[in-house]
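Trainee: Questions regarding the structure given below will be posed in turn.
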Amino acid sequence: MQTAPHDLAWLNELDAEEARKELLKCCGATRWAAAVQQSRPYRNVEDLLARANDVWWSLTASDWLEAFRSHPKIGEKKAAQPVAAQSQQWSAHEQRGVQDATPEAVNKLARLNCEYEEKFGFIFIVCATGKSSDEILALLEERLQNDPIAELPIAAAEQAKITELRLRTLLEHS
C-alpha cells in the first residue's frame, strides 16, 4: 500500500509542513496534525501514539467533525473533503470487509448511513479493519439507537483507533 518504507526517524526529520501533511493522512483534524507535528522529535512509536491520543482527546467537537469529513462513508470511496491518495487507499483497505457484501447489505448500508448522518449530523465512523459487512451493519444499527450527545464521543473513540492504525501503517509498525 505504501510506496516507500518510513520509520520514526523519517517522521522526526521531516520539515514541519511535510510532517503535518503526513500526519493529516492519518487523521484529518488540522489542529491535531499541527500539535502532533510540533511535539517532535519522538523517542519511540509509543511516545508518538500517546501524544497523538492525548492531543485527540484535548480537541473540540468541531475538530473531531473535521477529521470525520476526511473519511468516505462506509461502502463508498470518496470523502466529503479532499484527502491524500494514501488516505483513500487506507480507507479502501480498512473497508475491504464490505467489498464482498451482498447487494441487499450494500443497499441497507447506504440507507442506514443516510439515516445515521441525518440523525447525528456526521457520517458513521467505525474502525472497520477486520470487520465484515454484517458486523459493520450490526454496529451501525446499534449506534443508531444512541442519542447525539452519547454518539459523538463513541465516533471520536473509533477515529482514535483508526488514527493509531494509520500511524503504525505510516511508520510500518504492526
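The values are calculated or read from the model by the stated rules, or taken from the named source; none is laboratory data. Predicted, not measured: the structure shown is a model, and the values here were computed from it. Here Cβ is always computed from backbone atoms with ideal geometry, including for glycine, and neighbour counts include all displayed protein chains.
Trainee: Kindly establish whether Arg51 is modelled with pLDDT under 95 and surrounded by fewer than 18 Cβ atoms within 10 Å (Cβ to Cβ). I'd like the intermediate steps shown before the answer.
Mentor: Numbers: modelled with pLDDT under 95: no; surrounded by fewer than 18 Cβ atoms within 10 Å (Cβ to Cβ): yes.
Spelling it out, it is not the case that Arg51 is modelled with pLDDT under 95 and surrounded by fewer than 18 Cβ atoms within 10 Å (Cβ to Cβ).
Trainee: So Leu171 passes all but one of these: (1) surrounded by fewer than 19 Cβ atoms within 10 Å (Cβ to Cβ); (2) over 20 Å from Arg69 (Cβ atoms). Which condition number does it fail?
Mentor: Exception for Leu171: condition (1).
Trainee: Given the condition surrounded by fewer than 16 Cβ atoms within 10 Å (Cβ to Cβ), modelled with pLDDT of 95 or more, in a helix (DSSP H, G or I) and β-branched (Val, Ile, Thr), answer yes or no: does some residue in segment 26-35 qualify?
Mentor: yes
Trainee: Let me ask something else about it. Residue by residue through segment 121-136, note down the ones that are crowded, with 19+ Cβ neighbours inside 10 Å and not polar (S, T, N, Q). Write out each step before concluding.
Mentor: We begin by selecting, within segment 121-136, every residue crowded, with 19+ Cβ neighbours inside 10 Å; these are 122-126, 128, 131, 133, 136.
Across segment 121-136, the qualifying residues are Phe122, Ile123, Phe124, Ile125, Val126, Ala128, Lys131, Ile136.
Trainee: Within segment 64-81, does at least one residue satisfy the condition of being surrounded by fewer than 18 Cβ atoms within 10 Å (Cβ to Cβ), among the charged types (D, E, K, R) and at pLDDT 90 or above?
Mentor: There is at least one residue in segment 64-81 that is surrounded by fewer than 18 Cβ atoms within 10 Å (Cβ to Cβ), among the charged types (D, E, K, R) and at pLDDT 90 or above.
Trainee: Considering only residues that are among the hydrophobic types (A, V, I, L, M, F, W, C) and touching a Gly at 6+ places or on another chain (Cβ under 9 Å), which ones fall in segment 23-69?
Mentor: Taking segment 23-69 as the starting set, the residues that turn out to be among the hydrophobic types (A, V, I, L, M, F, W, C) are 23-24, 26-27, 29, 32-36, 45, 48-50, 52, 55-57, 59, 61, 64-65, 67-68.
Scanning segment 23-69 gives Leu65, Ala67, Phe68.
Trainee: Which helices (runs of 4 or more DSSP H) sit wholly inside segment 93-174 and have at least 2 residues that are in contact with a strand residue (DSSP E or B) (Cβ under 6 Å, 6 or more places away or on another chain) and modelled with pLDDT under 95? Can you show your working first?
Mentor: Numbers: elements: 103-120, 133-143, 148-170.
Once the helices (runs of 4 or more DSSP H) in segment 93-174 are filtered for at least 2 residues that are in contact with a strand residue (DSSP E or B) (Cβ under 6 Å, 6 or more places away or on another chain) and modelled with pLDDT under 95, nothing remains.
Trainee: Looking at Asn44, is it surrounded by 12 or more Cβ atoms within 10 Å (Cβ to Cβ) and more than 11 Å from Leu167 (Cα to Cα)?
Mentor: Working: surrounded by 12 or more Cβ atoms within 10 Å (Cβ to Cβ): no; more than 11 Å from Leu167 (Cα to Cα): yes.
When the stated conditions are applied, Asn44 does not pass them.
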